[in-house]
Amino acid sequence: MTQLDGTLSELAKLRSGSEPIVSLYLDTRWSDEHQRERVRLFVQEKIRKTLGHYADGTPGKEGLERTLRKIQDFVSGLTGQVYEKEKSGLALFACESSGLWRTLFFARPFRPELCTDGFPHLTQLARLADDFEPAIVVAPSQAGADIFHVSLGDLALESHLRGFVPRQEEDQFNSGSGRPGQHYYERQSKDERHQEAFVQKNRKAAVQEVQAVFDHNPGCHLVLVGPSETVAAFERELPERLREQVIARIPRPRQWDNGDGVRADGVVAGAAEAVADHEKQKEQQVIDAVVGQSLRGGLAVMGPDDVVEALNQGRVHKLVLEEDFTLTGWRCDNCDAIGANAETQEVCPYCRGDLKVLQHLGEAMVTRALAEGAEVEIVAHANKLHSYRSVGAFLRQTAQTGLRGASQPWPSAPGASQS
Ligand SMILES: [Zn+2]
């Protein structure tokens with residue numbers, strides 16, 4: 001769960017009229033002058049090509065022209081570094097006649113993309129939300145903890161908790177008395193107990209702080225940083241529900257100790273790596289689970305035909321899509337159903353409405369899933385999923401379990417429940 005969830009489902013519900021929705025993704029890391037020029041030219045060229053697809057007089061073309069001009073002006077400001085210099089990625093969605101103008105900046109770059117379609121293209125945004133899930137990074141110490149909240153590859157919060165730890169005053173016991181050895185030993189252990197009480201108190205305060213950050217950002221991963229003993233002692237104090245969220249325990253990276261800026265970068269990088277490792281393992285598990293469940297006849301389906309049908313019926317709980325999915329399909333103008341076989345289908349099988357070719361069936365599936373409140377898992381190329389034509393889906397519990405209301409059948413066509 002990330003702060004993007006609301007944005008994704010909101011965007012996913014948008015459909016255009018005659019003027020298409022423009023989706024633009026950019027890599028805005030200005031390493032040098034050439035990169036700025038590349039981005040400017042990319043946008044200019046894509047706009048030229050896009051307009052070339054629409055003959056003069058095509059409904060919506062004038063609005064689209066104005067939208068694209070506005071985008072070009074915006075990108076000029078960006079490449080001229082007028083605004084958002086620090087960010088690495090831009091996602092922009094626009095459509096004049098729908099009153100849509102949404103710019104989102106991130107600390108992570110996107111693969112450059114500009115396209116027009118009947119709905120926003122959200123795969124890259126969904127992938128960002130998925131790959132850079134938020135994490136709370138905690139570096140506990142005797143005095144408390146450094147706590148960071150890293151979200152979407154960016155530092156969202158930083159707090160440093162410092163409690164009091166009495167110093168062990170060893171030196172004064174070395175200046176010999178009657179029975180130095182014994183006296184020293186007793187004093188030291190008393191001193192240690194005294195100190196441990198403070199350390200314990202500080203640890204509890206740090207745990208409370210982490211708990212507060214977690215409750216504010218539910219579902220966050222936890223990454224613990226530091227010497228294994230310190231980390232283990234801290235972890236033991238965590239309540240069970242937080243301990244379950246720990247995905248990595250890593251030694252303190254050296255760059256943490258060099259100045260504040262570098263330190264924050266180090267924290268972000270450390271968290272990103274831990275989350276990426278976790279995500280990679282999770283992807284494998286998700287693929288195994290979706291294939292396994294569908295083979296056993298459980299609540300999962302594989303392949304574009306079955307997945308698209310489940311999406312049309314609003315039954316998808318989680319869509320699992322390979323990043324290199326490239327199939328085309330169709331979309332019904334009338335009831336908004338989507339389908340996988342544009343060649344064999346002449347009219348909509350649900351309502352006999354007119355069909356439009358979908359150049360990007362994958363994008364349509366992602367948008368549909370997000371609009372229905374389903375999760376979206378974009379995975380790297382994996383042979384196991386690839387043999388099912390790169391897509392699978394977990395389904396929602398069916399009515400028999402009572403979770404979706406007693407006897408209401410699935411609507412025979414998408415949108416049927418609204419008519
Ligand atoms: Zn239809």
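At a probe size of 1.4 Å, how large is the accessible area of GLU62, to the nearest 10 Å²?
Only protein atoms counted, so the area is about 130 Å².
What's the FRET efficiency of SER9 with GLU323 using the Cβ-Cβ distance as r and R₀ = 25 Å, to the nearest 0.05?
0.75
What's the ranking of 192-202, 331-341 by average number of surrounding C-beta atoms within 10 Å, highest first?
Peptide ranking by packing, descending: 331-341, 192-202.
Please give the net charge around VAL213, taking every other residue with its beta carbon less than 14 angstrom from that of VAL213, where Lys and Arg add +1 and Asp and Glu add -1.
-3
Ranked highest first by average number of other Cβ atoms within 10 Å, how do 215-226, 347-358 line up?
Order by mean packing, descending: 215-226, 347-358.
Name the aspartates and glutamates eligible as straight-distance cross-link partners of LYS318: C-alpha to C-alpha under 12 Å, and not fewer than 8 places from it in the same chain.
GLU372, GLU375, GLU377
Residues with beta-carbon under 11 Å from that of PHE394, excluding PHE394: net charge, scoring Lys, Arg +1 and Asp, Glu -1?
Neighbour charge sum, excluding PHE394 itself: +1.
Tell me the accessible surface of TRP101 in square angstrom (1.4 angstrom probe, heavy atoms of protein chains only), to the nearest ten.
My reading of the accessible area for TRP101 is about 80 Å².
Along the charge dipole of the chain, Cβ charges K/R +1 and D/E -1, which of PHE214, VAL268, GLY392 sits furthest on the positive end?
Value: PHE214.
Please sort by residue number the GluC sites (Glu not before Pro) in segment 219-297 whose DSSP state is loop and whose Cβ has at most 14 other Cβ atoms within 10 Å.
Loop-located and lightly packed - GLU244.
What distance in nm lies between label points placed 7 Å from Cα along the C-beta direction at ALA233 and SER18?
7.3
By per-residue mean of other Cβ atoms within 10 Å, what is the highest-first order of 86-99, 300-313?
In decreasing order of mean packing, 86-99, 300-313 become 300-313, 86-99.
Distance in nm between label sites at ARG29 and ASP333, each 7 Å beyond Cα in the beta-carbon direction?
For ARG29 paired with ASP333, the spin-label model returns 4.4 nm.
Provide the gained length on full extension for the span THR344 to GLU37, in nm with one decimal, where the gain is 0.36 nm per separating residue minus the Cα-Cα distance.
Taking THR344 through GLU37 to full extension adds about 106.1 nm, to one decimal.
Answer rounded, prolate or oblate for segment 1-131, using the Cα gyration tensor with square roots of eigenvalues a ≥ b ≥ c: rounded when a/c is under 1.5, else prolate when a/b is larger than b/c, else oblate.
Because a/c hits 1.5 or more and a/b fails to exceed b/c, segment 1-131 counts as oblate.
The values are calculated or read from the model by the stated rules, or taken from the named source; none is laboratory data. Given the structure is predicted, the values throughout are model-derived calculations rather than measurements. Glycine also receives a Cβ, built like all others from the backbone with ideal geometry; neighbour counts cover every protein chain displayed. Note: areas computed on protein heavy atoms with side chains; ligands, DNA, RNA excluded. Shrake-Rupley method; radii C 1.70, N 1.55, O 1.52, S 1.80 Å.
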